[in-house]
1. Among the numbered criteria (1) exposed (fewer than 12 other Cβ atoms within 10 Å of the Cβ); (2) within 30 Å of ALA238 (Cα to Cα), which one does SER61 miss?
2. Would you say ALA255 is outside the structural domain of LEU107 (by TED's automatic domain parsing) and modelled with pLDDT under 85?
3. THR230 is checked against (1) β-branched (Val, Ile, Thr); (2) at pLDDT below 95; (3) closer than 21 Å to TYR163 by Cα and fails just one. What number does that condition carry?
4. Yes or no: region 121-134 includes at least one residue that is in the same structural domain as PHE218 (by TED's automatic domain parsing), over 18 Å from MET91 (Cα atoms) and among the hydroxyl-bearing types (Ser, Thr, Tyr).
5. Starting from region 142-163, take each residue that is modelled with pLDDT of 95 or more and list its partners that are assigned to a loop (DSSP other than H, G, I, E, B) and hydroxyl-bearing (Ser, Thr, Tyr), counting only C-beta distances under 6 angstrom and pairs at least six apart or across chains.
6. Among (1) under 27 Å from the mean Cα position of the chain (by Cα); (2) assigned to a helix (DSSP H, G or I), where does ILE24 come up short?
7. Please count how many residues of region 95-134 are part of a loop (DSSP other than H, G, I, E, B), in contact with a strand residue (DSSP E or B) (Cβ under 9 Å, 6 or more places away or on another chain) and under 24 Å from PHE164 (Cα atoms).
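The values are calculated or read from the model by the stated rules, or taken from the named source; none is laboratory data. Just so it is clear, the model here is predicted, and its values are computed rather than measured. As a convention, Cβ positions derive from the backbone with ideal geometry for all residues, glycine included, and neighbour counts pool all protein chains shown.
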Amino acid sequence: MAQYSAPALDKGLDILEFLSIQAIPQSQVEISKGVNRSSNEIYRMLLCLEERDYVQRDLKSGKYNLSLKLYQLAHRHSPVDGLKKAAYSPMEQLSAYSRESCHLSTLYRNKLLVVAHSRSPDPVALSIEEGGLFHLSKTTSGRVILSFLNEEEILEVLKHDKYFDKMSSAQRKQYLSTIVTIRNDGYDIRESETTFGVTNIAVPVGRKDSGIMASLTFSIFTAQQNKSVTFDVLVEQARKTATKINRELGVASEA
């Protein structure tokens, strides 16, 4: 229980969070049901949010949706801006060479956040869009990021992961052993646990002592893999790309 409460702030945040996951504009009644509050409770809050340009109301339907103000605020001082800037050109070069899409992910509030994506030049390829949030324990990228941490830190992070929570003691032991293997190998290749027919290849970017811990990952339709570019070649190219990104970030290689 929080020591202090701010009911008005709670209402405003509830509305913003609800609208952020809606595909279409919502009426006042729909919003009140979505945040489990009465229409009277949220009426003044909607007026305030509209006046401050956080939401916008359609003049014909009277329905509300988010404006771009939150996006603008989030991108003024984003901690991942430097990482994205350093990764952009190397990732573009990697996609051009491999003919595969790749993406860059980092740790965000005990989950995996996709912060950058480079599309394949081919017309058919798997796309993992920026902004996606995933459970660490169910992704190759998540395992690679966890490989930066020691066992105590890993368990602390995974306390909030519902899939890890459901594992037996034997499964947890095997999972932690896998992370040690990734740490030693410096990469991971495995079939996706979230998308059938997809193989993921991931390598680490950054160093723990620099505060930069990320994963550079290919997600490839296994049946459509370019046979002229083997998984071994993709691992090698991904590692070279990670080195380029580290250089741009000013992160030294491991001794």
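1. Failed condition: (2).
2. Yes, satisfied.
3. Just one mismatch for THR230, condition (3).
4. Among the residues of region 121-134, not one is in the same structural domain as PHE218 (by TED's automatic domain parsing), over 18 Å from MET91 (Cα atoms) and among the hydroxyl-bearing types (Ser, Thr, Tyr), which makes the answer no.
5. none
6. (2)
7. 4
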